[in-house]
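Read through the structure below, which is laid out as structure tokens, and then see the notes.
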Amino acid sequence: MNLGLQNQVAWICGSTGAIGAAVARTLTDEGVSLALSARDANALDALVAELRPAAPHPPLALKGPLRQISLICDPPTLEADAVDGPGL
């Protein structure tokens, strides 16, 4: 499949779930550089290790509370305080 996404960057939240991991694998195959985030740090590390050999750039694992991760995001419209859930 060629989606024309080579040299693009994507951030996948919930990347260790079934759908998120499938999207990460597909985008890696398409040549997309990835930033990945998930609640399960061990599963996130395992996914990064799996994707690294085929990735155009090593996937970036974003770990920690959403409020900390959101500090690297632009635009500043990310409403981290509006999100609730365990570990956020």
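The values are calculated or read from the model by the stated rules, or taken from the named source; none is laboratory data. Quick caveat: nothing in here was measured; it's all calculated off a predicted structure. No Cβ is skipped: glycine too gets one built from the backbone with ideal geometry, and neighbour counts run over all protein chains shown.
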Could you tell me which residue of the range 51-88 is modelled with the lowest pLDDT, considering only residues that are in a helix (DSSP H, G or I), surrounded by 12 or more Cβ atoms within 10 Å (Cβ to Cβ) and in contact with a helix residue (DSSP H, G or I) (Cβ under 6 Å, 6 or more places away or on another chain)?
-> 80
Inside the range 3-44, the number of residues satisfying the requirement of being closer than 14 Å to residue 59 by Cα and among the acidic types (Asp, Glu) is 2
Subset of the range 1-44 (residues that are in a helix (DSSP H, G or I) and at pLDDT below 90) | 41
Test set (1) surrounded by 15 or more Cβ atoms within 10 Å (Cβ to Cβ); (2) farther than 22 Å from residue 1 by Cβ; (3) touching a residue at least 24 places away in the same chain (Cβ under 8 Å) - residue 48 fails condition number = (3)
Just give me the residues in the range 20-29 being under 16 Å from residue 2 (Cα atoms), crowded, with 17+ Cβ neighbours inside 10 Å and of a type outside the set (S, T, N, Q), in sequence order.
-> 23, 24, 27
